[in-house]
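A quick write-up on the structure given underneath.
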Amino acid sequence: MSQKTEKLIDKKGLRLDGRKCDELRPIKIEVGVLSNADGSAYIEQGKNKILAAAFGPRELHPKHLALSDRMVLRCRYHMAPFSVQERKSPAPSRREIELSKVIRESLEPSIFLEQYPRTGIDIFVEVLQADGSTRCASIVAASLALADAGIPMRDLVVACSAGKVDDTIVMDLMDTEDKQGTADVPVALMPNLNAITLLQMDGTLTHEEFEKAVDLAIEGCQRIHAMQKEVLKAKYVGVKEEEVEE
Amino acid sequence: MPTFFERRQLVTPGDLIAEGAYVAGENTYVEDNKIYASRIGIVEYENKKVNVVALRAFYIPRMGDIVIGTVVEVGFNGWTVDINAPYQALLRASDVLSRPFKPQKDELSQVLDAGDLIVAKIIAYDRTHDPQLTVAEPGLGKITRGQIIKVTSTKIPRVIGRKGSMISMIKQETDCQIILGVNGVILITGKTPEDEELAMIAIRKIEEESHTSGLTDRITQMLKEEKAKREENKNESKN
């Protein structure tokens with residue numbers, strides 16, 4: 001970006017919000033927050049606040065989009081007008097359309113699309129407050145919404161970003177680091193199958209730096225995956241405990 | 001041939017359940033000789049078969065299932081019915097009229113109109129064709145009275161109970177007729193709205209506590225208490 005007013009990493013190696021280089025922002029996840037959706041999830045990652053809702057599989061409208069050999073996955077990523085400092089027009093921007101596609105493609109490999117042909121799944125991601133790496137947080141929430149909807153999946157999908165800030169490779173970029181840093185590498189992963197479903201790079205990195213960033217992002221993914229599982233299980237733990245008593 | 005989860009443990013999609021000579025059952029899949037879960041659920045082993053009893057799922061039509069659906073559209077020679085599944089079902093006019101259908105004479109919307117509820121049986125379904133329904137059997141057809149409640153379709157077996165113990169107990173205690181749609185829709189017809197309400201409370205409770213054991217006894221007790229309470233209230237209002 002235009003000017004670098006302050007250092008992004010101080011002498012002690014701490015970042016603007018006091019995190020270490022390999023530290024995630026505080027994350028809070030909830031599942032099943034919306035009663036009208038088949039499945040839903042809410043995530044807070046630092047100042048990010050994102051809602052995801054999943055519907056389906058259901059009959060696809062308009063019908064001509066239906067495919068005779070598999071389900072169609074549709075995704076809409078949308079930022080609320082109040083999600084950023086200056087009002088964002090609610091109409092879908094170029095960036096939102098692109099992110100919708102990116103999120104859809106990172107979730108597609110995790111779903112058994114061939115099981116219910118001629119139907120469709122809809123995912124709606126609503127960014128209520130944005131603070132960098134929203135595509136990663138959106139993927140985490142959307143994948144949980146799919147699991148909550150009871151859609152058969154190969155694995156949960158987790159995502160985390162890494163990047164280069166002040167010549168250091170750091171995990172989980174926030175807004176200022178994304179804008180003033182030199183590079184951003186978002187990675188989405190199916191952890192149990194150890195398969196990457198999304199890998200992007202924005203900025204410039206050397207080969208070594210890139211590899212280091214990917215490794216760091218994967219480590220972040222693994223940590224978020226543990227939280228994802230915990231949240232999904234927590235919803236049914238009450239049921240389980242009762243069972244043990246009897 | 002290790003297994004990584006004990007019986008009745010909770011799994012999430014992608015969890016590796018077993019490796020080696022096991023057979024993948026419900027809500028699981030195999031990759032590289034490893035069995036993974038594909039839904040949130042509870043692990044069950046059945047000899048060499050690994051099942052996951054899903055906690056979140058939707059209804060998939062199967063031939064022979066009794067379902068309760070809503071007519072959503074009156075077509076040229078039949079009806080489109082919403083059966084709470086990914087696919088909409090078709091009900092043919094000749095099936096309902098039990099004679100050949102004559103478009104010049106028969107007005108379909110007078111037989112069944114959009115919004116009508118029906119009990120029907122699935123007679124044909126595969127992945128390339130939408131499910132087809134029939135009402136030409138005793139007990140099937142248009143619903144004229146009673147109350148409808150919806151539960152998750154995975155919980156219908158719990159409402160039935162072991163060898164039908166739960167459902168027959170509720171029928172007996174509440175003096176209601178209950179038809180269970182496998183698609184998660186339940187029809188309750190009783191002599192009075194109070195009886196119907198009682199049955200609804202019981203089914204709601206089963207839905208909430210479906211994964212606990214000793215449920216039938218608890219529901220029986222709850223129904224008895226509830227009935228006693230109502231009796232008391234009635235006597236009080238009389239005095």
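For segment B:173-190 versus segment B:47-99, the inter-centroid distance based on Cα atoms is 18 Å. From least to most packed, judged by other beta carbons within 10 angstrom and beginning with the fewest, A:L146, B:L112, A:L34, A:L67 follow the order A:L67, A:L34, B:L112, A:L146. Over segment B:164-239, the hull volume per residue, using the convex hull of the C-alpha atoms, is 90 Å³. Computed over neighbours whose Cβ is under 14 Å from that of B:I201, the net charge equals -3, Lys and Arg +1, Asp and Glu -1. Averaged over the residues of B:29-39, the number of partner chain Cβ atoms lying within 10 Å of the residue Cβ comes to 3. Phi angles across segment B:138-154 convert, under the Karplus curve 6.51 cos²θ - 1.76 cosθ + 1.60 with θ = phi - 60°, into 3J(HN,Hα) values of x, x, 9, x, 5, 8, 9, 8, x, 10, 10, 10, 10, 10, 5, 5, 5 Hz, Gly and Pro given as x. Using the Cβ-Cβ distance between B:E236 and B:I148 with R0 = 25 Å, the FRET efficiency computed as 1/(1 + (r/R0)^6) comes to roughly 0.20.
Take each residue in B:5-14, count the other chain C-beta atoms within 10 Å of its C-beta, and the mean is 6. Under the simplified labelling scheme, the A:L16-B:E46 pair shows an inter-label distance of 5.6 nm, with each label point 7 Å from Cα along Cα→Cβ. Each label point was placed 7 Å from the Cα along the Cα-to-Cβ direction; for A:M227 and A:R94 their separation is 3.2 nm.
With Kirkwood's inverse mean 1/r over C-alpha pairs for Rh, give me the Rg to Rh ratio of segment A:102-246, two decimals please. With Rh from the inverse mean 1/r over Cα pairs, Rg/Rh is 1.04. For the pair segment A:186-206 / segment A:128-144, the C-alpha centres are spaced 15 Å from each other.
Over all distinct alpha-carbon pairs, what is the Kirkwood Rh of segment B:33-111 in angstrom? It works out to 16.0 Å. Residue by residue, segment B:43-57 carries 3J(HN,Hα) couplings of 6, 10, 9, 10, 6, 9, 9, 10, 10, 10, 7, 5, 8, 10, 7 Hz when phi is fed to the Karplus relation 6.51 cos²θ - 1.76 cosθ + 1.60 (θ = phi - 60°); x denotes Gly or Pro. Peptides A:48-61, B:212-225, B:44-57 ranked from most to least packed by the mean count of surrounding Cβ atoms within 10 Å: A:48-61, B:44-57, B:212-225.
Across the protein assembly as shown, Cα-Cα pairs more than 31 Å apart make up 54 percent of the total.
3J(HN,Hα) couplings calculated from phi for segment B:158-169 with the Karplus curve 6.51 cos²θ - 1.76 cosθ + 1.60 (θ = phi - 60°) are, in sequence order, 5, 5, 5, x, 5, 6, x, 5, 5, 5, 5, 5 Hz; Gly and Pro show x.
For chain B, what class follows from the C-alpha gyration tensor (a ≥ b ≥ c being the square roots of its eigenvalues): rounded when a/c is under 1.5, otherwise prolate if a/b is larger than b/c, else oblate? Note, shape of chain B comes out oblate. By the helix-only formula, in which each DSSP H run with n ≥ 4 contributes -39500 (n - 2.57) and the sum is divided by residues, chain A has a 222 nm mean residue ellipticity of -10000 deg cm²/dmol. Extension gain for A:K28-A:E108 works out to 26.3 nm (0.36 nm per residue, less the C-alpha to C-alpha distance). Projected over all directions and averaged, the alpha-carbon convex hull of segment B:106-224 occupies 9.3 nm². Of all lysines in the structure, those lying under 23 Å Cα to Cα from A:K20, and not within fewer than 8 positions of it along the same chain, are A:K4, A:K7, A:K11, A:K12, A:K28, A:K47, A:K49, A:K164, A:K179, A:K212.
Helical runs (DSSP H, four residues minimum) scored at -39500 (n - 2.57) apiece and divided by the length of chain B put the mean residue ellipticity at 222 nm at -8000 deg cm²/dmol.
Estimated at 0.36 nm per residue, the fully extended path between B:T192 and B:R127 surpasses their Cα-Cα distance by 19.2 nm. Compute log10 of I(q)/I(0) for segment A:44-163 with the Debye formula, placing one identical point scatterer on every Cα and leaving out solvent, at q = 0.17 Å⁻¹, to two decimals. For the requested q values the scattering log ratios are -0.83.
Annotation: the residues B:S98, B:S168, sorted from fewest to most other C-beta atoms within 10 Å of their own C-beta, follow the order B:S98, B:S168. Each listed q (0.24, 0.26 Å⁻¹) maps to a log10 I(q)/I(0) for segment A:22-103 from the Debye sum over equal C-alpha point scatterers, namely -1.29, -1.30. Kirkwood hydrodynamic radius computed over chain A comes to 18.8 Å, based on all pairs of distinct alpha carbons.
Remark: mean inter-chain Cβ contacts per residue of A:193-199 equal 1, using a 10 Å Cβ-Cβ cutoff to other protein chain atoms. How many percent of DSSP beta bridges within the protein assembly as shown run antiparallel, rounded to 5? Taking every DSSP beta bridge with both residues in the protein assembly as shown, the antiparallel ones total about 90 percent.
All of the numbers you see were taken from the coordinates with simple rules; none came from a lab. Only a predicted model underlies this, so the values are computations on that prediction, with no experimental measurement involved. Ideal geometry is used to build each Cβ from the backbone, glycine not excepted, and the neighbour counts take in all protein chains shown.
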